[in-house]
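Chemist: Input: one structure, supplied below.
Coordinate-derived values only; no laboratory data. Quantities reported herein were computed from a predicted structural model and do not represent experimental measurements. Glycine gets a Cβ as well: all are built from the backbone with ideal geometry, and neighbour counts include every protein chain shown.
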Amino acid sequence: MMHLPAARPCRAELPIIVTRSVGSESGMIIRAIDTTDIPDIAALHLASWRAAYDGIMPAAALAALSTVEFEASWRSQRSDAQRTHLLCESQGMIAGFVGCGPCRDREVGGRPIGEIYELYTHPIRWKQGIGRALCEAALAVLEQKHFAEITLWVLRENKRARQFYEVMQFVQDSVAYKTLRRFDMDLVHVRYRRTIR
């Protein structure tokens, strides 16, 4: 059984993006990620990967993953000042996170475009409004940075995630695909887009 990693208490010096209720739950906090959160975020990231990509990526490869590589990736991302990373604290625990910033795709052109780089919630907190709250917070941050349109990439075979983004009013860009090679297999990603103003 997977256990949700415990979150450290919310610190006053970290900006709180939003405090709100989700369904019957109150006191959910979305705030900036701090360096001291990285071990817990990495553990959540690993648990989410294993659950979300079960049946899409090789089981042995997912089982072999460790928090070490996720922590290294997070520490590298923290050095990028253009990225915004937010987490959701719920019931005293870190329940999910989102990363966003300028679009990395060179061909999009035109008006300013932002991107949601990743959005994960712990599998035991799926379908509880955490992902929606994080997505809305990321959209608000990107709008404040004057991005008029938002893109994101999602695995073609990840039907659950694609349905979620479609509910969040993202529309698939039918001509945009990319293939990443990992675990000795080709992982096809599709791009989604939506406007925010």
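Chemist: Compute the relative contact order of region 31-159 as a whole-number percentage, counting only Cα pairs closer than 8 Å that sit 6 or more residues apart in sequence.
Modeler: Relative contact order for region 31-159 comes out at 26 percent.
Chemist: Here is a further query. Using a basic spin-label model with each label point 7 Å from the Cα along Cα→Cβ, how many nm lie between Ala64 and Asp173?
Modeler: Modelled inter-label distance: 3.3 nm.
Chemist: Same structure again: Please give me the summed charge of the neighbours of Leu44: other residues whose Cβ is under 12 Å from its Cβ, Lys and Arg +1, Asp and Glu -1.
Modeler: Surrounding charge for Leu44 is -3.
Chemist: Here is a follow-up. Stretch Ser76-Gln91 to full length: gain in nm at 0.36 nm per residue minus the Cα-Cα span?
Modeler: Fully extending the segment from Ser76 to Gln91 adds 2.5 nm.
Chemist: Also: Show me 111-117, 128-134 ranked by packing, highest mean number of other Cβ atoms within 10 Å first.
Modeler: 128-134, 111-117
Chemist: May I pose another question? Sorted by average packing, counted as other Cβ atoms within 10 angstrom per residue and highest first, what order do 189-196, 167-174, 120-127 take?
Modeler: 120-127, 189-196, 167-174
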